[in-house]
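Okay, so here's the structure we're looking at.
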Amino acid sequence: MQKQGACILVCQSGAKPIFLPGETMAEFVPIDVDKARQFLARHHWGILATRRKSGDLQMSPVTVGLDEAGRAIISSRETAYKVNNLRRDPRAALCAITPSFHGEGWVQINGRAEIVSLPHALDTLVYLQRQAYGEHKSWPEFHQRMARERRVIIRIHIESVGPKVRG
């Protein structure tokens, strides 16, 4: 990871940075799709941006993971604004961050989203649960909750990533 003022970006090795007293800036390393996928596989907090009917942006905090095909995956509800927005306009942007936000990096991904509804979404909902939170204490309870909440998977095909340049 590399430090740029108060922001640290993911480095090629993915290693956690060690900063010495008085150090203010290190070399910037641009993000590519593979590095972004590596980041998403380990860091599950993000902000998803979608477009409202008016064209204005709508942003939502989300838990994000990475499926076996290298697509970003997010759990949501059929009735959520972000789902309705993506059904109308599939363009999505996601900024994924570490739990501490400052000091450990972030990535942005952009791409087209698709909505996968139950029952087809269930296996991916289980996969995301395991990836982001670990084993559930009761899988039958988890399955019931997914049905009761009308959960869906938002699957984003990663078309571009950032940051690519220091700004």
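The values are calculated or read from the model by the stated rules, or taken from the named source; none is laboratory data. Treat the numbers as computed from the prediction; the structure is a model and nothing was measured. Methodologically, a virtual Cβ is constructed for each residue, glycine included, from the backbone with ideal geometry; neighbour enumeration extends over all protein chains shown.
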Residue that is surrounded by the fewest Cβ atoms within 10 Å (Cβ to Cβ) [pool: residues in the range 37-56 that are touching a helix residue (DSSP H, G or I) at 6+ places or on another chain (Cβ under 8 Å) and in a strand (DSSP E or B)]: Arg51
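Each row is one residue, and each column tells you yes or no for (1) within 17 Å of Ile74 (Cα to Cα); (2) within 15 Å of the chain's Cα centre (by Cα); (3) of a type in the set (Ser, Thr, Tyr); (4) surrounded by fewer than 17 Cβ atoms within 10 Å (Cβ to Cβ).
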| position | (1), (2), (3), (4) |
| --- | --- |
| Ser117 | yes, no, yes, yes |
| Asp123 | yes, no, no, yes |
| Pro140 | no, no, no, yes |
| His157 | yes, yes, no, yes |
Considering each of Leu57, Leu40 in turn, give the residue that is touching a residue at least 12 places away in the same chain (Cβ under 8 Å), over 23 Å from Gln144 (Cα atoms) and of a type in the set (A, V, I, L, M, F, W, C). Leu40
Arg42, sole failed condition from (1) modelled with pLDDT under 95; (2) within 10 Å of Ile154 (Cα to Cα): (2)
Are any residues in the range 58-81 surrounded by fewer than 16 Cβ atoms within 10 Å (Cβ to Cβ) and within 10 Å of the chain's Cα centre (by Cα), and if so, which ones? Pro61
Out of the range 125-155, which residues are among the basic types (Lys, Arg), over 15 Å from Val64 (Cβ atoms) and either part of a helix (DSSP H, G or I) or at pLDDT below 95 (or both)? Arg145, Arg148
Step by step: first the residues of the range 109-124, then only those that are among the polar types (S, T, N, Q) and assigned to a strand (DSSP E or B), then the one that is farthest from Arg91 (Cα to Cα). Which residue is that? Ser117
Could you list, in sequence order, the residues of the range 57-88 that are more than 19 Å from Gln108 (Cα to Cα) and assigned to a loop (DSSP other than H, G, I, E, B)? Glu68, Glu78, Thr79, Ala80
Might you let me know whether the range 14-31 holds any residue that is at pLDDT 80 or above and part of a loop (DSSP other than H, G, I, E, B)? yes
Only one of Arg88, Arg52 that is under 20 Å from Glu159 (Cα atoms), charged (D, E, K, R) and touching a residue at least 24 places away in the same chain (Cβ under 8 Å): Arg88
Being on the phi > 0 side of the Ramachandran plot and either surrounded by 14 or more Cβ atoms within 10 Å (Cβ to Cβ) or not hydrophobic (A, V, I, L, M, F, W, C) (or both) is the filter here, so list the residues in the range 89-110 that pass it. Gly103, Gly105
Scanning the range 125-137 for residues that are farther than 12 Å from Arg155 by Cα and under 13 Å from the mean Cα position of the chain (by Cα), which turns out surrounded by the most Cβ atoms within 10 Å (Cβ to Cβ)? Gln131
